1. Please indicate, with yes or no, whether at least one residue in the stretch 19-29 is out of contact with any helix residue (DSSP H, G or I) (no Cβ under 6 Å at 6 or more places or on another chain), loosely packed, with under 14 Cβ neighbours inside 10 Å and among the hydrophobic types (A, V, I, L, M, F, W, C).
2. Mind listing just one residue for me: the one in the stretch 30-43 that is surrounded by 15 or more Cβ atoms within 10 Å (Cβ to Cβ) and in a strand (DSSP E or B) and, of those, nearest to the chain's Cα centre (by Cα)?
3. I'm trying to understand the selection: among the residues of the stretch 63-98, which are closer than 14 Å to Arg25 by Cα and part of a loop (DSSP other than H, G, I, E, B)?
4. How many residues does the stretch 70-115 contain that are of a type outside the set (Val, Ile, Thr), open to solvent by 50 Å² or more (accessible area, probe 1.4 Å) and without any contact (Cβ under 8 Å) to a residue 60 or more places away in the chain?
5. Among the numbered criteria (1) over 14 Å from the mean Cα position of the chain (by Cα); (2) exposed (fewer than 14 other Cβ atoms within 10 Å of the Cβ); (3) over 18 Å from Gln80 (Cβ atoms), which single criterion is violated by Ser52?
6. Can you name the residue in the stretch 1-18 that is polar (S, T, N, Q) and not in a strand (DSSP E or B) and is also most open to solvent (accessible area, probe 1.4 Å) among such residues?
7. Does Asn99 meet the test of being of a type outside the set (Phe, Trp, Tyr) and at pLDDT 95 or above?
8. Please work out which one of (1) assigned to a strand (DSSP E or B); (2) modelled with pLDDT under 95 is the condition Leu46 fails and give its number.
Amino acid sequence: VQLQASGGGLVQAGGSLRLSCETSRRILTFNYMGWYRQAPGKERELVATVSSRGTTNYAASVKSRFTISRDITKNTVYLQMNNLEPEDTAVYFCKAENNWKQFYWGQGTQVTVSS
């Protein structure tokens, strides 16, 4: 299984970015897919997930600013990030997990928010 993440970049505080994660397998075969991030010197943390049923879950720090969505026809999961803050600067990773607790990571995409 391959996950290809894209969409990172440099943006000013208050700006927006949309990340994409395309999988080599139909996304409905996964129990859930999600976005995680890792800032320098910090542990990787959950940002948002979407289950196979479409249920979403967000970290408190991004709720109301970020939206996770998916396009089943394109096998792609998105993370729309609005009102970005310097604290959102991190490498963002997408993850997929199946019903047997096997999980897969995509390569990271750097998001840098300048103040």
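The values are calculated or read from the model by the stated rules, or taken from the named source; none is laboratory data. From a predicted model like this one, the values you see are computed outputs, not experimental measurements. Don't worry about glycine lacking a Cβ; one is built from the backbone with ideal geometry, like all the others, and counts go over all protein chains shown. Ligands, DNA and RNA are stripped out before the accessible areas are found, and what is left, the full protein with its side chains, is counted by its heavy atoms. Shrake-Rupley method; radii C 1.70, N 1.55, O 1.52, S 1.80 Å.
1. Looking for residues that are out of contact with any helix residue (DSSP H, G or I) (no Cβ under 6 Å at 6 or more places or on another chain), loosely packed, with under 14 Cβ neighbours inside 10 Å and among the hydrophobic types (A, V, I, L, M, F, W, C), one finds at least one in the stretch 19-29, hence yes.
2. Initially, the stretch 30-43 is screened for residues surrounded by 15 or more Cβ atoms within 10 Å (Cβ to Cβ), giving 30-37.
So of that shortlist, the ones also in a strand (DSSP E or B) come out as 32-37.
Working: Tyr32: 12, Met33: 8, Gly34: 5, Trp35: 3, Tyr36: 6, Arg37: 8 Å.
The qualifying residue nearest to the chain's Cα centre (by Cα) is Trp35.
3. Asn75, Asn98
4. Of the residues in that region, 7 qualify.
5. The number of the failed condition is (2).
6. Filtering the stretch 1-18 down to residues polar (S, T, N, Q) leaves 2, 4, 6, 12, 16.
Filter again for not in a strand (DSSP E or B), leaving 2, 16.
Values: Gln2: 138, Ser16: 60 Å².
Restricting to residues being polar (S, T, N, Q) and not in a strand (DSSP E or B), the top hit is Gln2.
7. Values: of a type outside the set (Phe, Trp, Tyr): yes; at pLDDT 95 or above: no.
Answer is no for this residue.
8. (2)
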